[in-house]
1. Rg and Dmax of the chain over Cα atoms: what are they, in angstrom?
2. What is the antiparallel percent of DSSP beta bridges lying wholly in the chain, to the nearest 5?
3. Holding the Cα-Cα limit at 31 Å, pick out from Lys206/Lys244; Lys186/Lys206; Lys244/Lys366; Lys366/Lys515; Lys174/Lys206 the pairs that are longer than that.
4. How far apart, in nanometres, would the label points at Ile373 and Leu54 be if each is projected 7 angstrom from Cα along the Cα-to-Cβ direction?
5. Pop a pseudo-label 7 angstrom from the Cα along the beta-carbon direction at both Ile317 and Arg182 and give the gap in nm to one decimal.
6. Show the residues, 5+ positions off or on another chain, whose built amide H is closer than 5 Å to the amide H of Val125.
7. Taking neighbour Cβ counts within 10 Å as the exposure measure, how do Thr172, Thr483, Thr476 sort from fewest upward?
8. Within 10 Å of each candidate Cβ there may be at most 14 other Cβ atoms; applying that plus a DSSP loop requirement, which trypsin sites (Lys or Arg not before Pro) in segment 176-266 survive?
Amino acid sequence: MSKFEIPFPDERHRTYRFFEILPGALSYFMLLLPVILSLINVTLAAVFVLLYLLMNFTRGVAYTVRSLHGFHVMRVHQKLPWSQMLLELEAGKADQRAKRPKWHTAELKRLNSERPLLMPPRQVVHAIIIATVAESEEILQSTIESVLASDFDMKQQVIFILAYEARAGEATEKRALGLIKRYKSKFLDAFAVSHPANLPGEMIGKGGNINFAAHELQRYLEKHRIDPVRVIVTTLDADNRPDKQYLNALTYAYVAAPDPIHASYQPVSLYSNNIWDTPAPMRVIATGNSLFTLVISLRQHALRNFSSHAQPMAALIETDFWSARTVVEDGHQFWRSYFVFQGNYRVYPLHLPISQDAVMLESYRKTLRAQFIQLRRWTYGASDVAYVAHYGFFQKNKLSKWDLWTKFWRLLEGHVTWAVGPILILIGGFIPAFFNHKSITVYELPLIVSKVQTVGTVLLVITMYMALRMLPPKPTRYKRHRTILMVLQWVYYPITTFGYNALAAFNSQTRLMFKWYLTKFDLTEKAVVVDTGTNKAIKRS
């Protein structure tokens, strides 16, 4: 067990509890601050609201610019000849007749002058762990087929592990073993791992499942005498479909990185598999989430493990794999690794997509609820604030204090903004006027807010353009008017931002304040649309 494990609830002392309460306390304080300031000095309240709006407006402009850039970079990386570039990397020289990106040429020069590759690319072994509970065979098969569609040597370099939950019953076990039997011959090796229920110290969730599977992988590597340094592990959800160049790009990044072991490798998550079929509010949320991952891929200093990611097996062994005590094992893995390696840890972006399903169930009501549950799980990452403070500020370590403080502040501020930002932007400008509508400053504030929101509408139009560019091909069952609905759906944007993102964040932070902890991973149930001629049938995943 890692010494940097999350304390059990009864082990969390007063200091730990203080930092669990802190995100929620700050969020509620920020929400009430315009009211408090209005009671003291209404002009001061107006200035605060104006500054907050301008700060977020500036962020919005930067966000829009980065989303355009991130989309361009992703498209460029999808078109690169990665397999040829890997050959050039191993040979130490580029094909002079071919056009190559400048960073590739610079990488070749650096490797020749400074240090060799970690290993030849052909020696890298990829282990792909797909976590499943009760997803249908159609969902899992599509994911496996997307891996097999990669431009990569599966028979020599890929081990496939299907990690399934024993608590899901015989049907899940039969499905997992059947898929392994069907696809085993297409990989270097493949096996299924049954995660037992009710293991001591575990909460029900993905973390325990992939953790158990990774320990089985470790035993497999020892048995077959495969050096863990050669192995890089990618974790996928059942509905994740990697880009065909993902494994090539990951191999390139791993063997060429300056310190490849002390790093994770993060692709872009796009929630687009079933985007044409989901209800309009879910499409808006899914597109917003996709754009966020595009933007954050350009900000390496702020990049964290999220959803599907890759990490060297040698590093996973040192960190004792993922935590089985949290519902946000992906984001938490960044902090777990950060402390184990005493700050010598980073996340490298892979500008290639792994497409996933947006939230959708058989009924509109069930879909709305499932979407909130998913966002509540993501916003529960606020629980890491106390974890980082505990091991960063109150335990002996060799961390750079400046690096720790900046990362801690970014974590805390991000979760507070997640909760408060949408609400203050929507109604903050009207709060001072409620207390004193005769003040000139207060009178002008709604007008200023209106002008800012008008410019914000332009940014929203750019977002709509990006959303249309990212759409997969339209299914034949839909007519042209469906594309029009993809534009009109953005009237839901203020509602989804307020009703889902803000409220989900407040829900998570309030739970932490009052020790109403999430004690299990709330699986986001999804369904897929199956074509039946020109009609459609919804099938639960």
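1. Radius of gyration, then largest Cα-Cα span, for the chain: 24.1, 79 Å.
2. Once the DSSP bridges in the chain are tallied, antiparallel ones form about 30 percent.
3. Beyond 31 Å between Cα atoms: Lys244/Lys366.
4. 4.5 nm
5. Going by the 7 Å Cα→Cβ label model, 3.4 nm.
6. Sorted by chain and number, the residues that satisfy this are Val231, Ile232.
7. Final ranking by Cβ density, sparse to dense: Thr476, Thr483, Thr172.
8. Of the trypsin sites (Lys or Arg not before Pro), the ones in loops of segment 176-266 whose Cβ has at most 14 other Cβ atoms within 10 Å are Arg225.
Every number here is computed from the coordinates shown, using simple stated rules; none is lab data. On a predicted model such as this, the values are computed, not experimentally measured, just so you know. Every residue, glycine among them, receives a Cβ derived from its backbone with ideal geometry; neighbour counts consider all protein chains shown.
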